[in-house]
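Asks: Take this structure first; my questions come after.
The values are calculated or read from the model by the stated rules, or taken from the named source; none is laboratory data. Just so we're clear, the structure is a prediction, and the values are computed from it rather than from any experiment. A quick note on method: Cβ atoms are made from the backbone with ideal geometry, for glycine too, and the neighbour counts reach across all protein chains shown.
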Amino acid sequence: MKSIGERIRERRNEMGYSLEEVGAKAGLSFKTVLTVEHGKPITMVSLMAICRVLNLELSLNEKE
């Protein structure tokens, strides 16, 4: 199963966005986006903002 960071990086690349573009659209720094892509913890609010920009659904349910 892919990590959250891997999914975010993959989607960002699919959409053709740079780290800076996602950060700006989410109201965050590019370093925050990079942090989550590297699998380090960030706030849920920041994660939700990134997911909103990338049109990703944030779910706490794991599919087995």
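Asks: Look through the stretch 1-18, keep the residues that are part of a helix (DSSP H, G or I) and either in contact with a helix residue (DSSP H, G or I) (Cβ under 7 Å, 6 or more places away or on another chain) or not charged (D, E, K, R) (or both), and return whichever of them is surrounded by the fewest Cβ atoms within 10 Å (Cβ to Cβ). Break it down into steps so the answer makes sense when it comes.
Replies: Taking the stretch 1-18 and keeping what is part of a helix (DSSP H, G or I), we get 4-15.
Filter once more, so that each one left must be either in contact with a helix residue (DSSP H, G or I) (Cβ under 7 Å, 6 or more places away or on another chain) or not charged (D, E, K, R) (or both): 4-5, 8-9, 12-13, 15.
Values: I4: 16, G5: 17, I8: 21, R9: 19, R12: 20, N13: 10, M15: 12.
Taking the candidates together, the pick is N13.
Asks: Just to be sure before I move on: is E21 charged (D, E, K, R), loosely packed, with under 13 Cβ neighbours inside 10 Å and not in a loop (DSSP other than H, G, I, E, B) in the structure I sent? Let's see the steps before the verdict.
Replies: Numbers: charged (D, E, K, R): yes; loosely packed, with under 13 Cβ neighbours inside 10 Å: no; not in a loop (DSSP other than H, G, I, E, B): yes.
In short, no.
Asks: When residues of the stretch 24-44 are filtered for being of a type in the set (A, V, I, L, M, F, W, C) and either at pLDDT below 95 or in a loop (DSSP other than H, G, I, E, B) (or both), how many remain? Please lay out each step first, then the result.
Replies: Filtering the stretch 24-44 for residues of a type in the set (A, V, I, L, M, F, W, C) gives 24, 26, 28, 30, 33-34, 36, 42, 44.
Applying the additional criterion that residues be either at pLDDT below 95 or in a loop (DSSP other than H, G, I, E, B) (or both) yields 28, 42, 44.
Result for the stretch 24-44: 3.
Asks: Another one. Please enumerate the residues belonging to the stretch 24-64 that are among the polar types (S, T, N, Q) and loosely packed, with under 15 Cβ neighbours inside 10 Å. Working first, answer last.
Replies: Step one: list which residues in the stretch 24-64 are among the polar types (S, T, N, Q), which gives 29, 32, 35, 43, 46, 55, 59, 61.
Scanning the stretch 24-64 gives S29, T43, N55, S59, N61.
Matching residues to (1) among the basic types (K, R); (2) more than 9 Å from the chain's Cα centre (by Cα):
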| position | (1), (2) |
| --- | --- |
| I4 | no, no |
| I8 | no, no |
| E14 | no, yes |
| K25 | yes, yes |
| V36 | no, no |
| G39 | no, yes |
| V45 | no, yes |
